[in-house]
Every structure is written in structure tokens, then in C-alpha cells.
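Accompanying notes for the structure given below.
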């Protein structure tokens, strides 16, 4: 080939190559331009503030000067950049509830990041790869209870193929439900662990003996305590106010008759479930936990803690504003949103619960060992509510025994034993349950993926407020290893007496509810007592992911697990994993203090106790006003054993001084000891008997044995409590205590050593 031909050939190849490079650059540039993502930035300033919801000024946490926190709005395809400026004197964090994101952005302190230190700024950044109604909140301590919660809305793209006319084009209103307590949340948590009945007094749900007699349920009350159960409740905490978007009552006056409104509702409460009802008629549910569902009409629905629902309501007429009512499950108070402009159209408030009916039901379900007896029923998907007997609108008013049943109830009578707990079978109103939810598209998991099967029992102890899974709290377990790509199927059985909204971080799961390929996707599943539910998800995002009960005080008590992926890369935001783990486990290992002291005419006696999930260190003392009465102190260090924790072995120390001139005392076994001075070690055991009586057997280092029976909290009336103690040292005590305030009681007692006394009892 001539030289010039070779040159021309090379030149041609060069030109072709240059054209290819130019074309590649052009295609890349065009693609980049088309797919360029919009960065949406928010700056969140976290500051202490003072609020007044109940007539008292109290500390709260505001973000950008507001409670709830600002609503963050994005469109699918955006990039979120959120700068959190911590101006508190304590650490904080933010968790993006229900979002798909890189694990290090999930916002769980000491698990996915270190806490945001005071005076520092932390940047969260992640792509928005989904749409729907979600929310965000602090995952640090109990900050969520005092203001750190807000809406997180992700809109569909304009060209989204799942866009639904008549639904996705409606005007939308973010609605976040919450509650407020004047107490510090740390004090609330402590009181729950110490079995204080102050919240029940405030709510009118004490279920005392006098109240039981008045309502014809004396036998029910005896049966309840025979099975070692305290008074029941459907909610743990008394709240001063319930709020919609930070207000107890507000109005949407921009809507008129015939308008349809889409409410994007999130339950941002720390521990309250809410009944949702509407004065304008039916409620149409169109999405749950950010995922579209086929529209379903209901008369009411119960939204669990941390759940979200999108609902559509219609304004029937002009010049009227229709009440959208949110009522906590314990029905103590409510909060209202009025939709429309004009005269307020109210909806009938929900009647008070029939607690003794619920107690009667509970007696039949509870075995003597504390386990639930499912009575051969297969309960799931919120279709049957064991608390339905407490709802007067379902079963009739408590004081009207002759009230006729509804036609629906009559038609279902005798069909099935299950129907006695099925609200939809018993009443002429339709209540949402999970079986009604159907996804708008197939949600099936990869069929060729390996399957990991897990089963957990939700366990709890109301008496000591210990909440766990398989009777183990988070700090007592290892992380659960899962492999990327496998399908994880979890069976959950609720063996406790409370409902639990179980939340999985970073993933949606399918609820197996009979809808086949169209099983709904959620990230929160409310599971009622005695229910068994199955969920499944594909493990597709590496990291450490929290799975926990979203009732704040249950989570802090230890009800949860951590999923972690095998062979994953270390998280760069956790430089010292062992230290972070110790701090993470500190929540359910924390000790709670209780103390009381009686300032009486015959002496001074009291007790103090510090305890956590398993351990208890207690002290009792008695101080007389003369040498004959002297003083005495006992110390016990024990560990609770078993799921119900009725058994506590302990070691102790007994020390006393009295001036009795060498008088010798004998116990009923003929064993002797001096009344003057005594300092001895001991070992023993406490056991909770039926009727909530504490039996104590103790052996001292000198060989003496003491057997004792004691109970301190017999509920005679709403505020009157009685107690007794008797032991084999021939000591006994009788007391009566009238509760004046949360930390103050009037007490009278007779003590075999100290005589009769009257005084004030201070407690903490």
C-alpha cells in the first residue's frame, strides 16, 4: 500500500474515532441534563423553648421556632440536604421514619451515627427514591415527647405512571397527631417503671374495689388480682392535651361544600393510639405508611403510634365546617380539625370505656402463670380486637343492660366465637383493619431468593414495665445477621397484654393479609394481644437497621432487635463500635429510682429503691423518736427471675439499734435475738402470690429465719389505698393512705413496734 494511502487510512480512522468521542460526550451531556437531580436544602435549628399548652409554662424543644417541626416537602428524584444545627445543651439526632436511604443517614444515635453534639451541625443527605406520607423525629432519648416530630412529604413526579386521578390531584393537608404532658418525659418513664397509679387517677381508670362494687364487678376485681394483675388500661400515660399540628383545635376554612380533601395523617404521638372519625360522613383510605392502597371506605379507623394514613374526606355542604375528630384510645380527651367554613358540625364523642368489662375478659384470657390463653382463636390483622368488649358503641352502654343489640350483632350471633371480638361483625359501623388493605400494584418478593425464617414473641410485664421480645431486651441480645438479597419472613406473636406498633427501619415489609400478590406494603404493623401476624421483606440495603416497638416508653424499656447484614463495610460515622454499642444498650439498662418517707407522729419510716430490667437494690428504714423505738435499716440486692418476674432471689443486710436493756425476743419458731443491737447478713427470696401479696423468706447469718407477707397498694377507692405486713418475728403493720397529689399522701398506720401514727407521706 502506498504511503499516502496508509496516511489517508489512518486519518480516516482518526476522524471516525473523534466523531465517536464527540458523540459519546454529547450523549453523556444530554443524559446528565435530562437526569439532573434537584438538590432541596433545609436548615433545621434545634433550640430549647418554653410552651404553655395547659396553663403551665414548660420546657419543650422547637425546631426553627415551631412545634411540630417544619413540614419537609420533596419530589421523588430530588436530593435531600438537611443541615441540623444543634443549639441544645444536650445531644440530638433525627430519624427519617419510613424512608429508603443509606444506613449512615438513618439517624439512630450510636447505631448509624454518633449523636449530634451541642453547638455542632450535622448534614444528612440522601436521594429521594420513593413517594408518600412519612414523618421524622428525634431518636435521642425522649426528645420526641417534647416537640421533636414533624411531617416528611414526598410527592410523585409529574410523569409518574402510578398517578391516580381524583386522588393524587386533590388538595392535600399534612396532619400530625401528638400529645403533651406537663411532666418531664424522664419522670413519666420512671413513674411507669415504678407502677405509679397517678395516671390512672387522673384518667379515672383506677378500677378500685369500691368502683367494682358499684358496677357489679366485685368478683371480677377479685379474679383480676387473684391472677396477679394490676388494673388494666389501654394507654400508659395521662396527657394534658392532644394536638393536631400543634394545636388542640384548628380550622381549614378554605374549603367549601362538595370539595374533597386529602389528609396526609401521621401519628407522631409518643404512646397514644387515635380513633379517627369525621362528622361529614365516610372516610376513604387511599394510602398507608406512604404506600398506595386500593380505596376503602370506613366509618372510623384506629391509627397506631407512628403509622401514617392518607384519607379523603368530602365537605357535604356550604357554610358548615365538619369536625375531623382524633380521640386517644383511652378516650380521656380529644383534638379536632374543622374542615370547611361556617357553623361547626360536631361528631358525637366516643363514650367512656367499660374497664371492668375489659378486666372480666382479661381474667378469662390470662393463665395463672401469666401467659395468655388464646382460647383456640386465631387472631390476626386487627380483625378481632380483644378490647372490643370495652367499647360501649359496640356492646351497649354499661348502665343499660336491656338495650337491644344492633341488627348486625343479632345476625352474627352464634356464627362463631370469633365474632364476639369482631367490631365489624357486632356493629353497624365499619372499622378499618389490615385485611382490608390491598396494594395497587403487585408487591411480590424475588421468587428465587433464599428465605430466612424468624419468629418472635412480644413479651411484657406491666407490673414492672419491662417490654421485650422473647423475654429479652435489646441489650441482652446479639444483632440478627441477614444476607443481602435474601427474603426475610418474620412471624410475630403478641403474648403481652398491650398492643405494640412494630416498626422496621430502612425497609417496607409485606403484611401477609390474604391479598396474595397485592399484599400491602408498610413499615409499621400494629399487633394486638394474642395476635399472630406474618411480615416479609427483601434484604436489599446493607447496614444496621432497628426493629422496635414505636411506643416510645416501650422502646426505651428494651422492646426491639437490630438487623445487620453479613460482611458489610464498617460505618464511617461509628469510629468506635464497642463504645457506641455500650451507649446504645444504656437505654434499657438504665436504673429507675423510687423513694418515699412517712413523717408521722410515732416515728419516721420510709424506703428507697433503684432498679432496672433485672436488678433491684432496695433500702427500708424506721427511725423512732425515743431510744426504745431506736432505728432500723434493711438492704436487699436482688435479681428478678422469669418472664413475669414474680420471683426475686436476694442478699441482704439488717442493721438496727434500740435501747431495751438486753431484752430478748423470740420468733414463732422459738429462735432468739436481742432487741438492742443487730447487724447481720441474709439471703432470701421474694415471690408474688395471688392477690399481689409479696411473700418473703429470709435466712440470716445467725441461723434465724423470717417469713413475711406484705401488700402496700390495695385500691379501696379512687384515692384510698390500704396495706399490711405480718411476719414470723411477730411484727405486723396496718396502713391507710389517701392520695392528695402526685407526690403527697395523708397516711395513718399502726406498727407493732412503733404504735399508732398519723402523718404526711412524701413520695418520688
Problem - Residue ID - farthest from residue 211 (Cα to Cα), chosen from residues in the stretch 707-734 that are within 39 Å of the chain's Cα centre (by Cα) and not in a strand (DSSP E or B) - result: 719
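Residues 77, 55: which one is closer than 21 Å to residue 287 by Cα and part of a loop (DSSP other than H, G, I, E, B)?
Values: 55 fails: closer than 21 Å to residue 287 by Cα.
Result of the check over 77, 55: 77.
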Problem - residue 206, sole failed condition from (1) over 19 Å from residue 717 (Cβ atoms); (2) modelled with pLDDT under 95; (3) surrounded by 17 or more Cβ atoms within 10 Å (Cβ to Cβ) - result: (1)
Practice task
Go over the candidates 220, 206 one by one and state the one that is assigned to a loop (DSSP other than H, G, I, E, B) and either in contact (Cβ under 8 Å) with a residue 60 or more places away in the chain or out of contact with any helix residue (DSSP H, G or I) (no Cβ under 7 Å at 6 or more places or on another chain) (or both).
Solution key: 206
Exercise for the section: Taking the residues in the stretch 741-751 that are touching a residue at least 12 places away in the same chain (Cβ under 8 Å) and under 24 Å from residue 192 (Cα atoms) as candidates, determine which candidate is surrounded by the fewest Cβ atoms within 10 Å (Cβ to Cβ). Expected result: 744
Exercise for the section: Name every residue in the stretch 642-659 that is closer than 27 Å to residue 472 by Cα, at pLDDT below 95 and assigned to a strand (DSSP E or B), in order of residue number. Expected result: none
Completion exercise
Being more than 25 Å from residue 565 (Cβ to Cβ) and in contact with a helix residue (DSSP H, G or I) (Cβ under 6 Å, 6 or more places away or on another chain) narrows 145, 117 down to just 145
Completion exercise
When every residue in the stretch 700-715 that is touching a strand residue (DSSP E or B) at 6+ places or on another chain (Cβ under 9 Å) and either surrounded by fewer than 15 Cβ atoms within 10 Å (Cβ to Cβ) or on the phi > 0 side of the Ramachandran plot (or both) is compared, the one modelled with the highest pLDDT is 701
Exercise for the section: Could you please tell me which pairs satisfy a Cβ distance under 6 Å, a separation of 6+ or placement on different chains, a first residue in the stretch 103-131 that is outside the structural domain of residue 91 (by TED's automatic domain parsing), and a second residue that is part of a loop (DSSP other than H, G, I, E, B)? Expected result: none
Exercise for the section: Working only within the stretch 474-492, note down all residues that are surrounded by fewer than 19 Cβ atoms within 10 Å (Cβ to Cβ) and part of a strand (DSSP E or B). Expected result: 480, 481, 489, 491
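Given the options 497, 502, name the one that is within 26 Å of residue 370 (Cβ to Cβ), assigned to a loop (DSSP other than H, G, I, E, B) and touching a residue at least 40 places away in the same chain (Cβ under 8 Å). Steps first, please.
Values: 502 fails: assigned to a loop (DSSP other than H, G, I, E, B).
Matching residue, one of 497, 502: 497.
The values are calculated or read from the model by the stated rules, or taken from the named source; none is laboratory data. Every value quoted in this text rests on a predicted model; they were computed, and no experiment measured them. All Cβ positions, even for glycine, are placed from backbone atoms using ideal geometry, and neighbour counts span all protein chains on display.
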